[in-house]
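First comes the structure, then the notes that go with it.
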Amino acid sequence: MKVLKLLLLPYMAAVIGAAFLWPEPAKGFIGESSRIVFFHVPCAWASTLAFIVAAVYSAAFLWKGKPWYDDIAAAAVRIGLLFGVLTLITGSLFARVMWGSWWNWDPRESSYLLLVFLYSAYLFLRAAVEDPERRPRIAAAYALFAAVLMPFLTFVAPRVTASLHPQTVINPQGKILMDTPTRAVFFGAMAGFSALFFWLLSIDARAARLRRTGENLHRD
Amino acid sequence: MSALARAWAVCAKDATQELRRKVAMVAVFFFAATALTLVSFAIGPFGLPAADRPALEAALLWIILFFAAATGLPRAFVAEEEAGTGLALRKTVPAVVVLAGKSLFNFVLFLAMALITIPGFLILLDWKVNSPLAIAATMLAGGYGLAVVSTFLSALVARAGQRNVLFVLIAFPLILPLLLTAISATIVATAGDFPTTPLRVLLAYDGAATCGAYMLAGVAWED
Amino acid sequence: MSSLGYLAAVNVVIWIGLFAYLWRLDRRVSEKERSS
């Protein structure tokens with residue numbers, strides 16, 4: 001595991017370097033701005049991954065009762081919030097370059113704003129429940145309830161209305177419309193950011209576990 | 001007693017309590033009336049272009065209804081805690097039944113609020129509705145979802161700190177898709193068409209919310 | 001400096017800084033785990 005973490009830096013360096021040097025900027029974009037896809041989309045993916053992890057581990061916690069599962073779920077939401085905010089920032093920068101304004105109420109960007117609100121609400125809820133026995137259960141109930149309603153957030157928002165958002169990676173034709181260098185760097189970045197997500201998750205969850213067990217020792 | 005009958009009993013108990021004390025209900029209706037008057041004063045005199053009005057009025061209507069609901073609906077469980085009856089209820093009645101009963105009460109409360117706010121809109125803002133049936137359908141479908149989600153979340157926050165702010169914060173991300181769809185449906189209804197697609201989405205949302213609340217009721221409202 | 005060169009420089013600083021920070025955090029958490 002340590003070796004993997006050490007390797008991540010040169011790997012990411014290669015990916016980022018490639019992001020700037022290898023593929024040509026895409027047609028239909030202003031200047032070099034299409035390169036943001038190598039940062040923006042992986043951040044969005046990491047944020048979504050966080051949601052999935054949080055939902056799965058919240059369910060696991062309610063089912064098995066192991067506090068470690070709750071540590072992971074809470075950590076996932078925190079990291080998800082971080083990547084969600086980064087998604088909004090990178091998206092906003094791109095919007096400024098392409099269309100001149102920082103925010104456009106495009107359904108897809110709005111749905112990520114909502115996701116950031118959701119993560120914040122979860123963390124606020126955790127902070128507001130003082131009883132350490134009830135806190136993880138209440139939080140898990142909220143996370144799972146949100147997971148049940150999530151399809152409406154992600155499908156109601158990007159409705160049939162015309163969207164400013166560039167065509168997504170997976171498009172109606174079902175093919176991936178990228179040339180080889182772009183595709184390589186893109187999937188490389190996706191893998192790299194995912195690895196980064198899991199590393200951050202691991203650190204945060206382990207720290208949370210230490211805090212929790214430290215608390216228990218103090219109470220005894 | 002069957003579960004349904006017990007849920008109805010919980011609803012009836014809440015209704016009797018609220019009707020007897022009146023304070024909370026009056027506060028909610030006053031809130032709706034105040035918001036309505038404010039909105040009417042703010043946009044009424046301006047003579048907005050006819051093309052813009054449907055979207056604006058639909059949005060404002062649902063904003064008023066949401067915030068009035070956010071004021072009144074969380075009381076469902078908080079009142080139990082304040083009266084000290086929470087523990088007894090938890091021990092004697094299954095969580096799902098309690099949640100169902102209180103959702104029902106909140107749904108009725110929402111419809112009562114809508115029955116006051118909508119005529120207000122019709123009169124004060126000269127709101128034109130070409131399909132009353134569609135509006136009724138939207139209120140029923142939207143109100144149900146709002147009631148179920150609000151009741152579930154009220155259970156979560158019943159024994160937490162910062163309850164009022166907390167409720168709005170945790171409700172907002174989950175309710176927004178419902179509000180957007182309901183506003184969309186309302187706009188179509190005022191135009192005179194029947195908003196089939198938004199209503200279908202609302203019904204799907206209602207179904208999902210009901211399933212979610214049913215499965216998680218025991219966790220939300222427990223010892 | 002060209003805007004691309006500027007962006008590249010910013011990235012170098014951010015990523016190296018990030019990794020140094022994460023590596024240190026990871027090491028501290030691991031130490032605490034071993035001692036507790």
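What follows draws every value from the coordinates through simple rules; no lab data is involved. This one's a predicted model, so the numbers in the text were calculated from it and none came from an experiment. Positions of Cβ are generated from backbone atoms using ideal geometry, with glycine treated the same way; all protein chains shown enter the neighbour counts.
Descriptive notes on the structure:
- Counting, for every residue in B:195-201, the Cβ atoms of other protein chains within 10 Å of its Cβ and taking the mean gives 1.
- In terms of its alpha-carbon gyration tensor, the protein assembly as shown comes out oblate; a/c meets the 1.5 threshold, while b/c is at least as large as a/b.
- Segment B:Lys22-B:Phe172, extension gain: residue separation times 0.36 nm, minus the distance between their alpha carbons: 51.3 nm
- Charged-residue dipole, Cβ positions (Lys, Arg, Asp, Glu), segment B:51-190 about Cα centre, Debye nearest 20: 340
- A dipole drawn for the protein assembly as shown from +1 and -1 charges on Cβ atoms has a positive end, and of A:Thr154, A:Ala76, A:Thr48 the residue lying farthest that way is A:Ala76.
- A simple charge model with +1 on the Cβ of Lys and Arg, -1 on the Cβ of Asp and Glu and nothing else charged puts the dipole of segment B:1-129 at about 460 debye relative to its Cα centre.
- Taking other Cβ atoms within 10 Å as a rough exposure proxy, B:Phe105, B:Phe46 sort from fewest to most as B:Phe46, B:Phe105.
- Three-way shape call for segment A:109-153 based on the alpha-carbon gyration tensor, with the a/c threshold at 1.5: oblate
- Put in line by how crowded their Cβ is, counting other Cβ atoms within 10 Å and starting with the fewest, B:Tyr205, A:Tyr122 read A:Tyr122, B:Tyr205.
- Shielding of B:166-178 by partner chains, average beta-carbon count, 10 Å: 6
- Centre-to-centre separation between the Cα atoms of segment B:58-131 and those of chain C: 50 Å.
- With the highest mean first, a sort of the peptides B:157-167, B:92-102, A:69-79, B:69-79 on other beta-carbon atoms found within 10 angstrom per residue produces A:69-79, B:69-79, B:92-102, B:157-167.
- Partner chain coverage, peptide C:20-29 - average Cβ within 10 angstrom: 4
- Sequence of B:Leu199, B:Leu56 once ranked by neighbouring C-beta atoms within 10 Å, starting from the fewest: B:Leu56, B:Leu199
- √(5λ) per eigenvalue of the Cα gyration tensor, segment A:35-158, largest first, Å: 30, 13, 12
- Taking one quarter of the surface of the C-alpha convex hull of segment B:72-132 gives a mean projected area of 5.6 nm².
- The count of lysine pairs in chain B with alpha-carbon distances below 28 Å, taking only pairs 8 or more places apart or on different chains, stands at 6.
- Simple point charges give the picture: +1 on the Cβ of Lys and Arg, -1 on the Cβ of Asp and Glu, and for the protein assembly as shown a dipole about the Cα centre of about 980 debye.
- log₁₀ of I(q)/I(0) at q = 0.10 Å⁻¹ - segment B:3-220, Debye sum with one point per alpha carbon: -0.44
- Selection from A:Trp63, A:Ala141, B:Phe67, by position along the positive dipole direction of the protein assembly as shown (Cβ): A:Trp63
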